[in-house]
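> Mind looking over this structure? Questions follow.
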Amino acid sequence: MRLWHLTDCLRKFISLNSLFDRPGSIVQNEKAIFCYAHHNNKIYIPQAADWLRFKEPHLSPQNVEILRQIKASNSVFIHVRRGDYLSPQYINRFKNICTLEYYHKAIHIVEERLPNAKYFIFSDDIEYVKQNLTGYLSDLTLVDWNKGLDSYLDMYLMAHCKAGIIANSSFSYWAARLVQKKIIVYPQKWVNGSDAYPDFFEDYWQGI
């Protein structure tokens with residue numbers, strides 16, 4: 001199948017964004033079926049420590065200071081993803097997984113293994129975090145300024161922490177993988193459904 005025919009089919013069935021948009025594009029075969037398959041398993045991820053790394057980005061003074069604090073402390077990132085997970089389209093798929101109980105248990109696990117932890121919280125719903133987590137932690141920083149095209153800088157900062165509490169989100173999952181051999185706590189149940197418990201977590205990570 002030619003590339004432009006493939007992208008027409010992709011757009012038809014999974015609504016691709018403007019990355020693949022071509023003016024005047026039309027679907028060549030209205031009855032075309034596109035099979036989108038994936039398998040979540042760590043055997044498909046290279047084990048070499050340096051197989052995937054960030055290029056050094058340009059950091060704002062605010063991010064430079066946060067990175068300095070992360071490197072100078074027993075830093076722990078907490079990622080809280082809500083946003084589209086609460087939408088009617090996805091809520092049944094993701095609800096009741098990364099609950100407040102999950103985060104409280106994860107924090108307890110981290111504090112048993114990492115004394116004097118300093119927390120850096122990243123979230124697409126900072127108000128929720130302020131209402132539900134800030135009173136539970138004594139030493140924390142909310143990182144809420146990397147927006148839009150700068151959102152990836154949150155992942156860059158998370159990847160430099162010494163420990164992490166991830167959400168059921170590929171964003172914090174890859175932040176955890178980008179620096180090897182850290183204390184990582186993750187939700188064993190990743191989604192609601194037949195594929196609820198994927199096998200793509202490192203053996204030394206701790207699941208809840």
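> Evaluate the Debye formula for the stretch 95-152 with equal point scatterers sitting on the alpha carbons, no solvent, and hand back log10 of I(q)/I(0) at q = 0.26, 0.28 Å⁻¹, in q order, two decimals.
Treating every Cα as an identical point scatterer, log10 I(q)/I(0) equals -1.19, -1.25.
> Once Rh for the stretch 66-208 is found with the Kirkwood sum over Cα pairs, what is the Stokes-Einstein diffusion coefficient at 20 °C and 1.002 mPa s, in µm²/s? Present the calculation step by step, with values, prior to reporting the outcome.
On the way: Rh = 15.3 Å.
In µm²/s, the coefficient is 140.
> Could I ask something else about it? Of the heavy-atom accessible surface of the stretch 92-208 (probe 1.4 angstrom), what whole percent is carbon and sulfur? Intermediate results must be reported in sequence, preceding the final value.
Working: 2600 of 5500 Å².
Its accessible area is 47 percent carbon and sulfur atoms.
> Could you give me the radius of gyration and the Dmax of the stretch 143-194, taking only the C-alpha atoms into account and expressing both in angstrom?
Both quantities, over Cα of the stretch 143-194: 12.0, 37 Å.
> Show me the ranking of peptides 113-124, 192-203 by mean Cβ neighbours inside 10 Å, starting with the highest.
On the way: 113-124: 18.6, 192-203: 12.3.
Sorting 113-124, 192-203 by mean packing, highest first, produces 113-124, 192-203.
> Right, here's the next one. Quick one: which of Lys95/Lys118; Lys105/Lys147; Lys95/Lys182; Lys95/Lys130 span more than 25 angstrom between C-alpha atoms? Please list the in-between numbers first.
Details: Lys95/Lys118 28 Å; Lys105/Lys147 29 Å; Lys95/Lys182 27 Å; Lys95/Lys130 20 Å.
From Lys95/Lys118; Lys105/Lys147; Lys95/Lys182; Lys95/Lys130, over 25 Å: Lys95/Lys118; Lys105/Lys147; Lys95/Lys182.
> Going highest first, how would you order 65-78, 91-104, 127-140, 160-173 by mean Cβ packing within 10 Å? Spell out each step's value before the answer.
Values: 65-78: 18.2, 91-104: 15.1, 127-140: 13.6, 160-173: 22.2.
Ranking the peptides 65-78, 91-104, 127-140, 160-173 by packing returns 160-173, 65-78, 91-104, 127-140.
> In Å², and per residue, what accessible area does the stretch 41-172 have when probed at 1.4 Å with the other protein chains present? Intermediate values should be presented prior to the final figure.
Values: 7250 Å² over 132 residues.
Accessible area per residue, the stretch 41-172: 55 Å².
> Taking K and R as +1 and D and E as -1, what net charge do the other residues with C-beta under 12 Å from the C-beta of Lys181 add up to?
Numbers: positive: Lys162, Arg177, Lys182; negative: Glu202, Asp203.
Computed value for this residue: +1.
The values are calculated or read from the model by the stated rules, or taken from the named source; none is laboratory data. All of these numbers come straight from a predicted model, not from anything done at the bench. A quick note on method: Cβ atoms are made from the backbone with ideal geometry, for glycine too, and the neighbour counts reach across all protein chains shown. What goes into the accessible areas is simple: the full protein's heavy atoms, side chains included, and nothing from ligands, DNA or RNA. Shrake-Rupley method; radii C 1.70, N 1.55, O 1.52, S 1.80 Å.
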